[in-house]
Amino acid sequence: MEKLKHKRMKSPTKEQTKERKKRTWDEYYGEHKVDANWMDAFRERTREARRKVKVEVLTHYGNGDLACVRCGFDDVRALSIDHVNGGGLAHVRQIKKKSGVPFYYWLKAQGYPLGYQTFCFNCQNIKKVENKEYYNVLNIKPAQPLVPLLTQGNQGGVQNVG
């Protein structure tokens, strides 16, 4: 029996590959581009979808209202999710999600777990001070005073260079 020899195909050159990709891209968007502002429309749809998820999650954790559960502030730009028992930064790092909208998507996908509430930024900061949660961020023990640690080292805030 005679063994068939297969001819090895030549790999396309970089220029040929680049031209093929460019042609394919141009053909696709030439056929599918609806109007000249398609990117603006895409960004607006994405922005609206993210806003919708944020409103949905904040309303759920606001006990049915899109407002801070502590003071009643209702401007969505200043509302966010608060961990009832603190430790939000560690939790967000643990689940490997960034804060904000990706976290809202995570809450929704988890079926709105317990332990969260809608707070405005002012109430979150007040709670942080009342519960001394700022110590967790600085990795210091609550028995140590906060002010001396912040003023150690560079006393004037200005460092002389050479």
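Tell me the label-point distance for the pair ASN85, ARG70, using the 7 Å Cα-to-Cβ offset, in nm and rounded to one decimal.
According to this spin-label approximation, the distance is 1.9 nm.
Quick check on my link table: of LYS52/LYS97; LYS98/LYS127; LYS97/LYS127; LYS98/LYS128; LYS96/LYS132; LYS14/LYS97, which ones sit more than 29 Å apart, alpha carbon to alpha carbon?
Listed pairs above 29 Å: LYS14/LYS97.
Just order 84-93, 105-114 by mean Cβ neighbour count inside 10 Å, highest at the front, would you?
84-93, 105-114
Between TRP106 and ARG77, 0.36 nm times their residue separation minus their Cα-Cα distance comes to what?
8.5 nm
Read-outs: derived from the displayed coordinates by stated rules, not from any lab. Everything numeric here is computed off the predicted structure, so don't read it as measured data. All Cβ positions, glycine included, derive from the backbone under ideal geometry; neighbour counts span all protein chains shown.
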